[in-house]
Amino acid sequence: MKGLELLLLPLLLILKDVSAQWNVWMPKDISAMTNSCVVIPCSFTYPSGIRPYRGVHGIWYFGHPYPQLFPPVVYKSRTDIVHESYNGRTKLLGDLMQKNCTLLINNVGVEHSGRYYFRADLGGANIYTYPDFSNLQVLDKPNIDVPEEIVSDQSLDLTCYVPDNCPDMSPQIHWMYTDYLPDPVFTPDNVEDSNTAVLSSTLTFTPKPMHNGQQLGCRVHYENTTFVYERLISLDIKYAPRTVWVNVSQEVMEGSSVVLHCDVDSNPAPTITWYFGDQELMSEVASNSSLSLDYLTPEEEGVYTCVGDNGYGSMNTSMYLAVNYPPREPWINESLTLLEGSSAFLQCISKGNPMPTLTWLKDGELVGTITADERSILELREITPQAHGVYNCLAENEHGRASNSFNITVEFAPILLDDSKCTIVREGVQCVCIASGNPEPVIEFYLPDLNITINNSNSLFNYRTYSDGYTSTGIIKLQDKGERGNNGDTGVHVHCSISNVYGSESIRLELQQEKKFMMAVIVGTIGGVAVIAFIIAAVRYVGQNNKKENGNPGQDVGSKVENPSMFYSAVKKDKQSLRKKVGDDSDYQSVGPMADMERQELNYAALEFLHGRHREGGFRRADGDGSDYTEIKAK
């Protein structure tokens with residue numbers, strides 16, 4: 001390959017004039033023959049304010065510039081790990097520290113044809129993939145330049161081209177089947193285009209009508225190799241447009257302007273017509289034409305085609321114009337009211353470019369999956385009350401976001417909650433009925449012993465209700481035992497009924513802690529009797545001892561006690577002490593499991609000494625010894 005260093009010198013001079021930004025230069029198109037090699041010249045710049053961290057590194061990608069798409073790695077300066085199709089084939093000829101990223105690829109094949117991108121790695125966050133690329137075309141045959149219009153008796157030049165971008169291999173061109181041509185002339189030449197080298201050989205002769213349909217061939221051979229490449233052509237006396245060039249496909253933002261260019265190589269000059277889809281936009285006779293589009297809208301995105309026609313034939317080239325815009329406000333369902341157990345399909349549609357991702361949220365939490373499409377459908381199966389809430393569809397792309405929301409209300413039959421019960425409180429018995437349902441359930445109480453129904457129409461027994469969302473609560477209070485039943489027992493028979501348009505339910509409410517309450521009454525009664533018995537026994541024991549000591553059984557106990565008032569005071573003190581243990585009239589205390597139960601009165605015995613006088617209804621010993629006994633009265 002001749003003069004590669006000389007080709008790079010103008011490139012470096014050009015880059016010096018470019019402002020110090022992220023820029024790269026490499027040939028847009030370059031070619032090579034199969035099994036040969038190719039050198040892709042490359043230079044790059046980066047912002048002057050960036051200082052490379054731990055040197056400058058680079059990566060060459062094939063096919064795509066975006067690492068997240070996992071393009072094949074052609075070359076990587078940090079490691080030797082590359083795609084298997086490039087293993088042992090690539091080498092960096094340039095010095096990255098000098099901003100030279102020239103790449104050598106050996107033993108290229110047709111599968112290596114495509115776009116090559118360079119990515120600069122300056123360390124840290126200073127990593128940048130340049131959008132410009134070099135398009136490599138790997139040929140298995142040489143190219144022959146044949147004019148599309150061959151005029152009889154006019155000199156005709158046919159040129160055979162072969163790429164000369166491999167420094168270690170020099171091609172040789174030979175024409176085949178030229179023996180029948182009149183006075184052929186062969187002219188070798190080296191063509192340099194965009195820093196790529198092409199070796200050519202031009203065959204010049206004057207064709208005759210008899211030559212129409214005859215074949216010519218070009219053979220390429222590399223010295224010191226067995227590589228041979230051939231191409232055959234047939235001469236044709238027609239001249240139709242050879243090439244139609246238009247802008248490459250591009251992306252623009254909504255509201256911006258763009259100019260599309262079209263060049264047609266033909267003779268005579270063709271009629272150039274611009275089409276948007278099937279719609280004709282403009283037409284003129286010229287070798288090139290420009291189409292201006294202002295204030296672009298998403299509706300103007302699509303395929304634009306330039307058609308050239310000169311009567312001998314026509315040719316066209318198309319390009320795609322993408323109009324980017326943020327997502328539009330999503331179209332979604334209206335708010336829904338659904339029945340428990342049913343199913344529903346929620347639909348969200350939004351447009352944007354690039355295509356937005358659609359995300360479903362319920363009460364701010366992600367539901368379903370994120371969809372990269374203009375439409376997303378969220379299916380709700382066997383709906384439960386928990387499906388109630390605000391549903392939001394969020395559309396996002398790199399240019400913005402938009403959202404829309406609606407409500408789902410779930411209706412269901414009432415359900416009686418576990419906290420429904422009757423409990424004993426200080427004022428009596430309180431019954432609570434708690435139900436969940438939508439529409440709000442109606443709560444009624446029924447007392448079977450009194451044959452009374454309690455609801456909003458007859459607010460008996462302090463009946464009241466309140467609601468919290470889907471939950472409704474009804475409360476009644478039974479003030480005394482007479483309201484608990486006609487049979488005089490202490491059982492509480494209360495039924496709760498709940499209902500709405502989807503169903504009803506009735507249940508008897510259980511009395512909580514009732515057994516504990518009865519046990520407390522029994523224990524309290526037994527305890528009171530035991531205390532009275534203890535006091536009686538104590539008094540009789542003291543009285544008998546006094547009689548034995550004085551030897552006068554006829555004398556009353558009061559006369560034998562030195563200070564009767566002190567004795568009575570001692571008994572009274574015992575009584576007061578016992579009251580403090582279980583509670584008296586002025587200081588009612590609920591103890592342990594007896595809390596919230598009805599207050600039980602305990603009656604205690606008070607002793608009065610009658611000084612030996614017989615009282616009516618008093619007791620005398622049967623042996624007639626004249627001893628007087630104390631009468632026990634209930635206070």
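The values are calculated or read from the model by the stated rules, or taken from the named source; none is laboratory data. Note that the structure is predicted; figures quoted are calculated from it, not measured. Cβ placement follows ideal geometry from the backbone for every residue including glycine, while neighbour counts extend to all protein chains displayed. For accessibility, only protein heavy atoms count, side chains too; no ligands or nucleic acids. Shrake-Rupley method; radii C 1.70, N 1.55, O 1.52, S 1.80 Å.
Just want to confirm a number: the relative contact order over the stretch 320-409, from Cα pairs under 8 angstrom separated by 6+ residues, in percent. If you can, show how the numbers build up before the last one.
Details: 226 pairs, mean separation 34.4, N = 90.
This gives 38 percent for the stretch 320-409.
When the Kirkwood hydrodynamic radius is evaluated over all pairs of different C-alpha atoms of the stretch 146-217, what value in angstrom, to one decimal, is obtained?
Working: mean 1/r = 0.0736 Å⁻¹.
Taking every pair of different Cα atoms in the stretch 146-217, averaging 1/r and inverting gives 13.6 Å.
Just reorder F276, F445 by solvent-accessible area, largest first, 1.4 Å probe, all chains present. Mind dumping the intermediate values first?
Details: F276 50, F445 0 Å².
Most to least solvent-accessible, the answer reads F276, F445.
Could you sort V220, V390 by accessible area so the largest value comes first, with the probe set to 1.4 Å? The partial results should precede the final answer.
On the way: V220 0, V390 65 Å².
Reading off the accessible areas and sorting them downward yields V390, V220.
Which shape class applies to the stretch 128-180: rounded if a/c is under 1.5, otherwise prolate when a/b exceeds b/c and oblate if not, where a ≥ b ≥ c are the square roots of the Cα gyration tensor eigenvalues? Cα axes put the stretch 128-180 in the oblate bin. Counting Cα-Cα pairs of the stretch 162-261 in 10 Å increments starting at 0 gives whole-percent bin shares of 11, 29, 27, 18, 10, 4, 0. Remark: the D29-N451 segment gains 142.0 nm on full extension, using 0.36 nm per residue and subtracting the alpha carbon distance.
Rg then Dmax, both in Å and based on the Cα atoms of the stretch 371-423: 18.3, 63. Only protein heavy atoms count here; under a 1.4 Å probe, M319 has an accessible surface of about 10 Å². Close amide H partners of N316, meaning residues 5 or more places away or on another chain with modelled amide H under 5 Å apart, are G308. With the simple spin-label model, which puts each label point 7 Å out from Cα in the Cβ direction, the V390 to Q279 separation comes to 4.1 nm. Y75 contributes an accessible area of around 50 Å² to the protein surface, as traced by a 1.4 Å probe with all chains present.
Just need the relative contact order of the stretch 34-113 here, percent rounded to a whole number, with Cα pairs under 8 Å and 6+ apart.
Details: 115 pairs, mean separation 33.0, N = 80.
Contact order relative to length: 41 percent.
Model label points for S287 and N106, set 7 angstrom from Cα along the Cα-to-Cβ axis, are 4.5 nm apart. Dividing the Cα radius of gyration of the stretch 15-118 by its Kirkwood radius returns 0.96 for Rg/Rh.
Can you check how the C-alpha radius of gyration of the stretch 337-471 compares to 2.2 N^0.38 Å, as a plain ratio? All intermediate terms of the calculation are to be shown ahead of the outcome.
On the way: Rg = 22.8 Å, N = 135, 2.2 N^0.38 = 14.2 Å.
Rounded to two decimals, the normalised Rg is 1.61.
Three principal axis extents of the stretch 201-327 based on alpha-carbon atoms, in descending order, are 59, 41, 20 Å.
The stretch 59-212: Rg/Rh from Cα coordinates, Kirkwood Rh? Could the numbers behind the result be given before it?
Numbers: Rg = 21.1 Å, Rh = 18.7 Å.
So for the stretch 59-212, dividing Rg by the Kirkwood Rh gives 1.13.
The stretch between K141 and D263 holds 41.2 nm of extra length on full extension. This uses 0.36 nm per residue minus the Cα-Cα distance.
Taking all protein chains as they are arranged and a probe of 1.4 Å, the heavy atoms of V110 leave approximately 80 Å² accessible to solvent.
Using a 1.4 angstrom probe on the protein heavy atoms only, line up S85, S290 by accessible area, largest first. Don't skip to the answer; put the middle values down first.
Working: S85 35, S290 60 Å².
The ranking, largest first, comes out as S290, S85.
Nearest 20 debye, what's the magnitude of the dipole of the stretch 69-112 about its Cα centre given +1 on Lys and Arg Cβ and -1 on Asp and Glu Cβ?
Details: 5 positive and 4 negative charges, 32 e Å.
It comes to approximately 160 debye.
When the alpha carbon gyration tensor of the stretch 241-290 is reduced to an equivalent ellipsoid, the three semi-axes, largest first, read 23, 12, 9 Å.
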